[in-house]
Structure formats: C-alpha cells, structure tokens
Amino acid sequence: MADAVLSIQGVQRDFFSRGRLVEALGGVDLEIAEGEFLTIVGPSGCGKSTLLNLVSGLMPTTGGRVLYRGAEVRGVNTEIGYVTQQDNLFPWRTLRENVAFPLEVQRVPPEERRRRADAMIAKVGLGNFEEHYPYELSGGMRQRANIIRTLIYDPQLILMDEPFGPLDAQTRVILQDQLLRLWLESRKTVVFITHDLVEAIALADRVAVMTARPGVIKSVNAVAIPRPRDIFHIHDNEVFRRLYDKLWEELEVEVRRGSGGWLEAS
Amino acid sequence: MAGSVVRAAPGPRGPGWARLNLYRVLLAVAVLAVWEFATDRWVDPFWFSSPLRIGAHLVEMVGQLDLFRDLWVTMTETFLGYFAGAILGVLAGLVLSRLETLARVLDPFIVALNGIPRVALAPLFIIWFGIDIKSKIVLASTLVFFITFYNTFAGIRGVEPAFKNVARVMGAGERQIFLKVILPAASPWIITGLKMSLPFALIGAIIGEFMAASKGLGFRLQLYTGLFNTTGAIAVIFILMIMMIAFNAILNRIEDHLLRWRPKTPMGGEATEVH
C-alpha cells in the first residue's frame, strides 16, 4: 500500500517468562491507510496489546519492523497517541488538568490549554466535572477523559487498547457512539484493539482477526456499512450479521485453540 | 448519563467533627478524674502526683520566664533538627532513587547507620558539637533523616510505570516526567515520611537535653526527676504532649491540602500515625 501511515512487517516479539521463551507475536503483517479506522480482534492472550506497545515504540521488536510514514519506529514516537485499557489518569490532577496535560508538556499557554481542554470536556458531556479528581468520576467518565486526553493534542495516529473493556454494556455502547462521532469530525487514523466482535465490526472500516498465540493476522475484512452508523441498532443490519457470522467462525477456532483445548469437550 | 459520581467525603471540619472533639475532651476529662479520685485514696501522690497538683504547677510555671526559655530552646532544636533532617532526607531519597548503582552500593551502609541507637550516639554528638543546641539539632536530624529518606526513596521507586509511559508517549521529556509525574505520584509517601518523622525530631531534642544541657524542656524534666519532683516532671511531660498534638494538627492540615486529590480515609483525614 503506497499511502500506508503504518506498515507492520513480519513483526515478532518473544518474552522470557520464568526461564521459558514465550512467543507472543509470530510475524504480524499489516498495513494501515491514512484516515482509516482499523480494529483488531483476537482471543485473549494473543499478543494484541503487545502489538500496540511495539507500534508506539514503548517496547522493541524481536524481529521484523514497524514503519511509520516510511521511517522505522525506534523509541517512543510522539506522533502516535496511545489510549490504554486502564485509564491511567493522574490521580493528583483534576479532570481539566489531566486533559490539558499533553498541552502542558508542549508548553501551550495556560489560557489556551484551559480553553481547549474545556471544549473537549464539554464535547463528551463532562462539563461541570472539570474540577473533579479522578477518584470522584465513574469508570465511564474516566475512560472518556482518557480518550480526549489523547485526542486533544492531535496525534496523527491513535492506538486504542480495549478502551471500553472494563465498562458495563450500556456505557460501552454510548461511548462507542461518542467515539465514532468524534472520529467522523477528525478522521484520524485509528488502530483499535478489542476482543468484542460486535464492537470490532461496528466501529471499523476494516477488521483484522488475530490467531491465538503466537499471534499472526488471520484475515483482514472490509466492513461495507455506510457511515454515519447507528451503533444502537447495528445488529439489525444485514451486512453486519453476515460479517459477524463469518468472523465468529474464524475467531471461534482461535478462541478454542487459545484456551488450551479445555473448551473442545463442550 | 453521569454514572455514579462519588463526591469528596467531609474534610476534617465536616459534620461529626465537633462531636468527635467532644468525645476526645470527655475521654481526657474522665481519665484525669479517675486519676484525681484515686490520689490520696489508693495512690500516694509522691509517686504519681495528681492532675490538680500538676495543673497548679503548670499555672505557676507559666508565670515564670524560665519555662518559655526552655520551651523556646526545645522548639528551636526540634524544628531546626527537623528541617535539616527532612531536607537532607528528601534530597538523598530523590538522588539515590535516580542512581541505581550508587543506591545498591550504599544500601548496607545506610542500614548499618540507621541501626545505631541514637541514645548511644548522643554522648558522642555532645563531645563533637558541644552541650549547646547544636548537638541536639544534629541528633534530632539523624532521626528525621532516615525516615524521610526511606519514604522518599520507596515512593519514587514505586511510581506506576504506566504513568511514566503515558507522559512519554505524549512527548514529555525526562525532566518533565520527573517534575510532573514522578514527584506528584510519590508525594503521598514523601508527606507520610515528613509527618512520621516530626515526633522523632522532638524525641531527638529531648534525648540530647537529657545527656547534657543547661536549658530546654528535657533538661527541666531531668532536673525535676532528679529532685523526685514528680509533679514537675509530669507537668513537663504534659507540655510535650500538648506540643505534639499541636504539631500534628498543623501537619494534618497541610497534608489534607496537599493530598486533596486522594479519597478521604474513614477517619476523615484526621488519622494520626501510631508509633
């Protein structure tokens, strides 16, 4: 792909755990185009999070390479935003101070910081909570704060690692809807990891399915559902249902394999 | 859809604060009343004195200038020792937490130094620094130093790596990470160290005055016990107790402000360390 923002080429990653070599990623190949929303689904423990750590540059690869706009990623790449599963909000900062943190790091003047942070906070319905500390916010609110804290400094590529994983089902759908709205405004390139197939299809332009460990890409599937999408009724969509059935068949094998076979009996 | 929002628990002056203090006063009064009642009936006041006698002695002492001189001397020793020890302890903690190898090399030496009983060192400090307040300040600061040092060191080592990574991904440099992430994340530990070590500053000053001094509350305490004046001795102990309560109240207030981002404890921020 000529206009790939991110090109993952034969990426491998091994770990040593209690003296044993564990192969987390067994040669991942993936290209992500400018402005694309790509989701990656896979059974738990397939190395999805590891892949994002490698792309962000927080962790070195043990084989293969990651190219960001043609240049190999070595060390932390600050053009890449990373929304982690744990919200990791700084508990000593108020909501506003947390959201404004990246701007503070870039030495944006205080008034502008405040203006931009408050605008972002209002956009996700957290107005009036600017002065609250993280412990005073619910899980859903914290996760929204976590996402806008990355959106605010406008990174060119955004990695998201199961950002809605710890949330309850209703809150999840609402936040998915909110995320899609925000994304439609900016059309940033997003790589989004999840183990939830519904979420993977509902959000994505393309869904990549990963195998059980050592993880490799099993298939990449375009989602031909027009945007803007109605997340709340996506189940009724015929395209959605067919893709869901197809991907679940692929995924089921991997989930069983990844479980070490104890599901086979059922 | 606001979700469940947890609001801050009432602060130290929230509802229940007045009642709590009432109970405290009642407890103190009850203990003193039992003591007073027991005196002359079952207990000889020569050994244990009595609250009324101690009260009278305190009033008498307040009328004398010597008491304020002694109070002033002890407080000067305590505070100078505290600040010297705390500043050096926090600085050493900050520096060593960044220098892995040096920290490992120094570890057994620090353990050994901290293990020396200060009572054993007090006479040496008096030989080295004289019987004036200098030796007491040094003694107090050695007690404060290790507590603040260990807390700072452990606090910085314990900072969640995820916090540092978040900042790093957002483009923060090492300096910014240190100032904006590591220091605030470690601050509860550092503040706990600062709080825990204050009583030890007072203990250091008093021990020093016990060894050799010509003024100070410890000197006065020593003097009274030498004369078998239990009333005077216990009166001085009361003054020390009141000083400690006052110091702690000030520190609690500062802590509540600095750590306002933390969920309040069931004690409502009034929790005090037990030594």
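Numbers below:
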{"read-out": "Residue identified as crowded, with 16+ Cβ neighbours inside 10 Å, under 25 Å from the mean Cα position of the chain (by Cα) and modelled with pLDDT of 90 or more among B:Ala112, B:Ala122, B:Ala84", "value": "B:Ala84"}
{"read-out": "Residue in the range A:213-220 that is in contact (Cβ under 8 Å) with a residue 24 or more places away in the chain, small (Gly, Ala, Ser) and buried (at least 21 other Cβ atoms within 10 Å of the Cβ) present", "value": "yes"}
{"read-out": "Failed item in (1) surrounded by 21 or more Cβ atoms within 10 Å (Cβ to Cβ); (2) in contact with a helix residue (DSSP H, G or I) (Cβ under 8 Å, 6 or more places away or on another chain), with A:Val55 passing the rest", "value": "(2)"}
{"read-out": "Hits in the range A:99-124 (condition: outside any loop (DSSP other than H, G, I, E, B) and either among the polar types (S, T, N, Q) or exposed (fewer than 15 other Cβ atoms within 10 Å of the Cβ) (or both))", "value": "A:Pro110, A:Glu111, A:Glu112, A:Arg115, A:Ala119, A:Ala122"}
{"read-out": "Candidates B:Gly173, B:Gly226, filtered to the one that is more than 10 Å from every other protein chain (Cβ to nearest Cβ), surrounded by fewer than 22 Cβ atoms within 10 Å (Cβ to Cβ) and without any contact (Cβ under 8 Å) to a residue 60 or more places away in the chain", "value": "B:Gly226"}
{"read-out": "Members of the range A:140-169 found to be hydrophobic (A, V, I, L, M, F, W, C) and in a strand (DSSP E or B), listed by number", "value": "A:Leu157, A:Ile158, A:Leu159, A:Met160"}
{"read-out": "Residue list for the range A:94-119, restricted to those being touching a helix residue (DSSP H, G or I) at 6+ places or on another chain (Cβ under 7 Å) and at the interface with another protein chain (Cβ under 8 Å from one of its Cβ atoms)", "value": "A:Phe101, A:Pro102, A:Glu104, A:Val105"}
{"read-out": "Index of the failed condition, B:Ile147 passing every other in (1) within 13 Å of chain A (Cβ to nearest Cβ); (2) touching a residue at least 12 places away in the same chain (Cβ under 8 Å)", "value": "(1)"}
{"read-out": "Hey, A:Arg142 out of contact with any His (no Cβ under 6 Å at 6 or more places or on another chain), within 10 Å of chain B (Cβ to nearest Cβ), touching a residue at least 60 places away in the same chain (Cβ under 8 Å) and of a type in the set (D, E, K, R) or not", "value": "no"}
{"read-out": "Checking A:Thr61 against (1) of a type in the set (S, T, N, Q); (2) crowded, with 20+ Cβ neighbours inside 10 Å; (3) within 14 Å of chain B (Cβ to nearest Cβ), the condition it does not meet", "value": "(3)"}
{"read-out": "Within the range A:45-98, tally of residues that are among the small types (Gly, Ala, Ser) and assigned to a loop (DSSP other than H, G, I, E, B)", "value": "5"}
{"read-out": "Candidates A:Asp3, A:Asp14 - the one that is of a type in the set (D, E, K, R) and over 23 Å from A:Ala224 (Cβ atoms)", "value": "A:Asp14"}
{"read-out": "Residue within the range B:127-140 that is out of contact with any strand residue (DSSP E or B) (no Cβ under 9 Å at 6 or more places or on another chain), of a type in the set (Gly, Ala, Ser) and modelled with pLDDT under 90 present", "value": "yes"}
{"read-out": "Only one of A:Arg257, A:Arg227 that is crowded, with 16+ Cβ neighbours inside 10 Å and either in contact (Cβ under 8 Å) with a residue 24 or more places away in the chain or β-branched (Val, Ile, Thr) (or both)", "value": "A:Arg257"}
{"read-out": "In the range A:47-58, the residues that are more than 13 Å from the chain's Cα centre (by Cα) and either within 18 Å of A:Ile201 (Cβ to Cβ) or within 14 Å of chain B (Cβ to nearest Cβ) (or both)", "value": "A:Leu54, A:Gly57, A:Leu58"}
{"read-out": "Pairs, first more than 10 Å from chain A (Cβ to nearest Cβ) and farther than 14 Å from B:Val166 by Cβ in the range B:177-190, second among the charged types (D, E, K, R) and part of a helix (DSSP H, G or I), C-beta under 9 Å, six or more apart", "value": "B:Phe178/B:Arg98; B:Ala186/B:Arg157"}
{"read-out": "Residue identified as at pLDDT 90 or above and either of a type in the set (Gly, Ala, Ser) or more than 28 Å from A:Glu185 (Cβ to Cβ) (or both) among A:Arg74, A:Arg96, A:Arg13, A:Arg18", "value": "A:Arg13"}
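The values are calculated or read from the model by the stated rules, or taken from the named source; none is laboratory data. Nothing here was measured: the structure is a model prediction, and the numbers come from that model. Methodologically, a virtual Cβ is constructed for each residue, glycine included, from the backbone with ideal geometry; neighbour enumeration extends over all protein chains shown.
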